[in-house]
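A.B. asks: This is the structure, below, for whatever I ask next.
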Amino acid sequence: MERLICDAMLGKLAKWLRILGFDTLYEKEVEDKKLIEKVEKTGRILLTADRRLAVRKVLRGKVILINSFFLKEQLKEAIKKLHLEIRRENLFSRCLICNSPLLPVCKEKVKNRVPSYVYMTVSSFSICPLCDKIYWPATHKERMISRLKYLLEV
Ligand SMILES: [Zn+2]
């Protein structure tokens with residue numbers, strides 16, 4: 001699976017690529033030199049809205065130019081240009097904050113860390129091993145799914 005970096009202008013796109021389960025860093029560094037170093041160091045593909053950066057020789061084969069300002073079009077561009085394959089089992093498999101793959105965690109362990117109505121009604125939880133955020137299937141997930149259907153036109 002592709003490993004990606006979105007540049008500073010593509011924060012929303014980075015978030016939605018994570019929701020879809022793609023390994024996506026969001027790089028706030030705006031200096032070209034440091035961004036290029038990061039691409040070289042990590043071996044990731046850079047998604048940028050910066051036309052000038054996208055044509056740099058040093059990035060040949062390692063960069064995708066995103067033309068649109070609109071999330072829906074940006075997602076479409078990224079999926080098409082990178083031949084990304086969306087799999088249902090990958091949805092919501094990453095931490096939306098830090099991009100780490102989530103791990104299942106047993107219910108008892110999160111007892112004191114989630115609201116009690118959640119604890120009573122939800123049976124499966126996952127946790128981010130890096131930033132320790134707890135996730136569970138909830139209404140925001142349903143909203144995200146309907147938004148995804150809109151964004152992906154499925
Ligand atoms: Zn995290």
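A.B. asks: Can you tell me the Rg and Dmax of the chain, counting just the alpha carbons, in angstroms?
C.D. replies: 17.1, 56
A.B. asks: Please enumerate, by chain and number, the aspartates and glutamates with C-alpha under 16 Å from the C-alpha of residue 72, excluding those fewer than 8 residues away in the same chain.
C.D. replies: Within the straight-line cut-off, residue 72 pairs with 153.
A.B. asks: How far is the Cα center of the range 1-73 from the Cα center of the range 106-154, in Å?
C.D. replies: Each part's Cα centre sits 27 Å from the other's.
A.B. asks: Please quote Rg/Rh for the range 3-90 to two decimal places, taking the Kirkwood radius as Rh and restricting both calculations to Cα atoms. Intermediate values should be presented prior to the final figure.
C.D. replies: On the way: Rg = 12.1 Å, Rh = 12.9 Å.
Rg/Rh for the range 3-90 comes to 0.94.
A.B. asks: Can you tell me the relative contact order of the chain? Whole percent, Cα pairs under 8 Å, sequence separation 6 or more.
C.D. replies: Dividing the mean separation by the residue count of the chain yields 20 percent.
A.B. asks: Can you pick out the pairs among 28/76; 28/107; 15/57; 12/80; 33/62 whose Cα atoms lie more than 26 Å from each other?
C.D. replies: Pairs exceeding the cut-off: 28/107; 15/57.
A.B. asks: Cross-link partners among lysines for residue 111, C-alpha distance below 18 Å, same-chain residues fewer than 8 apart left out?
C.D. replies: In chain and number order, the partners are 133.
A.B. asks: Looking at the range 74-140, which trypsin sites (Lys or Arg not before Pro) are in a loop (DSSP not H, G, I, E or B) and have at most 13 other Cβ atoms within 10 Å?
C.D. replies: 87
Only the coordinates and a few stated rules stand behind these numbers; no lab work does. Here the structure is a predicted model, which means the values were calculated and not measured. Neighbour counts run over all protein chains shown; Cβ positions are idealised from the backbone, glycine included.
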